[in-house]
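Trainee: Have a look at the structure that comes next, please.
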Amino acid sequence: MGGYSCEHEISLKSGMVVYNTLKKYYNCYRILIKENSWTLIDQNDNLKKINKESFQVTDHPNLIFDCIFNAIHGTPGEDGKMQKYFNDKKIPITGCNSYQSELTFDKVKCLNFLSSKGIKVAPSIAISKTNKHNLSEIEAKVGFPCFVKASNSGSSFGVYKVYNSDEMANCLDSAFEVDNKVLVESHIDGREFSVGVISFNGENKVLPITEIITSNDFFDYEAKYEGKAKEITPAKISTELESKLNLLSKDIYELLKLRGFSRSEFIVNSCGIYYLETNTVPGLTSESILPQQAKCANISLKDLFINAIEEVIN
C-alpha cells in the first residue's frame, strides 16, 4: 500500500481494510511503499526496512512471501511497475498483469485501443508536454466545455473541466505538472455510471451498476472522497440499459484481458453509451464503489479479497 502518487493516502486506507479483513485468514504483513523506502509494518506498528533488490526484510531474511495483495492506487501499483517487479521475483500479485495495468492506466492508449475495437468514446486529442499545442486546433476538435486530463493519473488528480480558451492554457499547465502527456476530451452531457467487473469463482462477473450524481461540476476528488456525490447502487435504470451496460462492461474487461478487480466509467445519453476509463485498482474501503457493488451482489469483503488471492496462487 502507499505508492508514489497523489493517491498515497487513499491507498493506505484501502490497504488497512484489506489487512484487517485478511489477517484472520492468512499471515499478513503491511508493506508501505514510498519512492525512497520500502518498509514492512509489523503487528506492533514497528517499521522494518525492505531491500528493494531482493524484497527481503532486513531483520527477517527468512520471511518468504507467497502472494502480494496490490492495494496501491496510481503509480507504481496501477501502471504495471509493481506487476513487472513481482513477476521478475516470481511472486504472484493480485489483479491484472503489467501490460494490462500499463495500458489501462494510460488514458490516451486505452481510449485509442478500445476505440479501434468499436467502443464509443468522446472526441479527444492527445498533447505532449514537449510539443507545442495549438489552442485553436484543440477547440475545433473537442469544443467547449471539455475536460483536460493528465493521461497517467487517478482519483481525478490532474483533471479539469474547461469552459473557454482563457482557461485552457492554465489547465494544461496544471495537468502537465502531473504527467507529460495530456488528454483533452469533449464533455459529454448525460448520466454517469460506474460498472464493476471482477473475475470471481472462475468466471467474469458484472456487479450491480452504480449511478453517480454529484452537485460538483463533475465527479472530481471532492465528490469521490469528501461526500459531495450520491452513489446509487443498484442504479435505478431500465432493464434494457442495465443489459447494455452489463454486456459492454464485460466486453471491455475481456477485450483488455483483465483479471481481478475493475471498475469502468460511462456517460449515457440519447446518442448512446460513451466509455470514459477503466480503473484496475479501485478503492477498497467499505465506502468505495466496488465494495458497495460487491455487497449488493451478496459478496463480502472477505470473499472478494480471498478470491483475488486464490486466483493468482492456484
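Trainee: For region 124-186, what does the relative contact order come out to in percent, with C-alpha contacts under 8 Å and a separation of six or more?
Mentor: Here the relative contact order equals 48 percent.
Trainee: Say each of E240 and D173 gets a label point 7 Å from the Cα, pointing the same way as Cα to Cβ; how far apart are those two points in nm?
Mentor: 4.9 nm
Trainee: Continuing with this model, one more query. Mind checking which lysines have their Cα closer than 20 Å to the Cα of K129? Skip sequence neighbours fewer than 8 apart in that chain.
Mentor: Those lysines meeting the cut-off are K107, K109, K141, K149, K161, K181.
Trainee: Here's something else I'd like to know. For region 8-94, just list the percent of Cα-Cα distances falling in each 10 Å bin from zero outward, please.
Mentor: 16, 55, 30, 0
Trainee: How long are the three semi-axes of the equivalent ellipsoid of the chain, in whole Å, if each is the root of 5 times an eigenvalue of the C-alpha gyration tensor, listed from largest down?
Mentor: Values for the chain, descending: 33, 24, 17 Å.
Trainee: Mind checking the full-extension length gain between F144 and K257? Use 0.36 nm per residue of separation minus the Cα-Cα distance, one decimal, nm. Working shown, then result.
Mentor: Details: separation 113, 0.36 × 113 = 40.68 nm, distance 3.42 nm.
The span from F144 to K257 would gain 37.3 nm if fully extended.
Trainee: Treat region 124-186 as a sphere of radius equal to its Kirkwood radius over Cα pairs and apply Stokes-Einstein at 10 °C in a medium of 1.306 mPa s; give the translational diffusion coefficient in µm²/s, rounded to a whole number.
Mentor: 142 µm²/s
Trainee: While we're looking at this one, here's another question. Given 25 °C and 0.890 mPa s, compute D for region 75-183 with the Stokes-Einstein relation, Rh being the Kirkwood radius over Cα pairs; round to the nearest whole µm²/s. Before the final figure, lay out each step's value.
Mentor: Working: Rh = 15.1 Å.
The estimated diffusion coefficient comes to 162 µm²/s.
Trainee: For the residue pair L247 and S116, what label-to-label distance in nm results when each label sits 7 Å from Cα along the Cα-to-beta-carbon direction?
Mentor: Result: 2.5 nm between the two label points.
Trainee: Please compute the Kirkwood hydrodynamic radius over region 166-314, one decimal place, Å, based on all pairs of different Cα atoms.
Mentor: Taking the inverse mean of 1/r over all distinct Cα pairs, region 166-314 comes out at 16.6 Å.
Trainee: How high is the FRET efficiency between H60 and I306 when r is their beta carbon distance and R₀ equals 25 Å, given to the nearest 0.05?
Mentor: The formula returns an efficiency of 0.50 here.
Trainee: Where does the charge balance sit around K89 when Lys and Arg score +1, Asp and Glu -1, over other residues with C-beta under 15 Å from its C-beta?
Mentor: Values: positive: K52, K81, K84, K90; negative: E53, D66, D88.
Once positives and negatives cancel, what remains is +1.
Trainee: Simple spin-label model, 7 Å along Cα-to-Cβ: N314 to S215 in nm?
Mentor: Using points 7 Å along Cα→Cβ, the separation is 4.6 nm.
Trainee: Of Y274, Y25, Y99, which has the largest mean-square fluctuation in a 10 Å C-alpha GNM of the chain?
Mentor: Y25
Throughout, read-outs are computed from the coordinates displayed, never taken from laboratory work. Quantities reported herein were computed from a predicted structural model and do not represent experimental measurements. Here Cβ is always computed from backbone atoms with ideal geometry, including for glycine, and neighbour counts include all displayed protein chains.
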